[in-house]
């Protein structure tokens with residue numbers, strides 16, 4: 001049971017980090033920062049950055 005709780009906590013932390021990275025990347029995209037800078041600071045993949053940029057353009 002303890003291992004299951006630890007796994008759930010770890011997954012929650014990972015989800016939180018991903019949300020924070022995504023939010024940072026979106027803010028930087030909206031500020032028209034260079035893609036290489038967004039990748040460096042958000043630590044998201046170039047493919048994920050491109051997906052986010054496409055979503056921003058469509059909204």
Checklist outcome for this item: Only one of 51, 47 is surrounded by 10 or more Cβ atoms within 10 Å (Cβ to Cβ) and out of contact with any helix residue (DSSP H, G or I) (no Cβ under 9 Å at 6 or more places or on another chain), namely 51
Checklist entry - What is the residue count in segment 1-43 for residues that are assigned to a loop (DSSP other than H, G, I, E, B) and closer than 21 Å to residue 55 by Cα? => result 5
Checklist entry - Is there a residue in segment 2-20 that is surrounded by 10 or more Cβ atoms within 10 Å (Cβ to Cβ) and touching a helix residue (DSSP H, G or I) at 6+ places or on another chain (Cβ under 7 Å)? => result no
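Readers should treat all values here as calculations from the given coordinates under stated rules, not as data from a laboratory. Since this is a predicted model, take the numbers as computed values, not measurements. All Cβ positions, glycine included, derive from the backbone under ideal geometry; neighbour counts span all protein chains shown.
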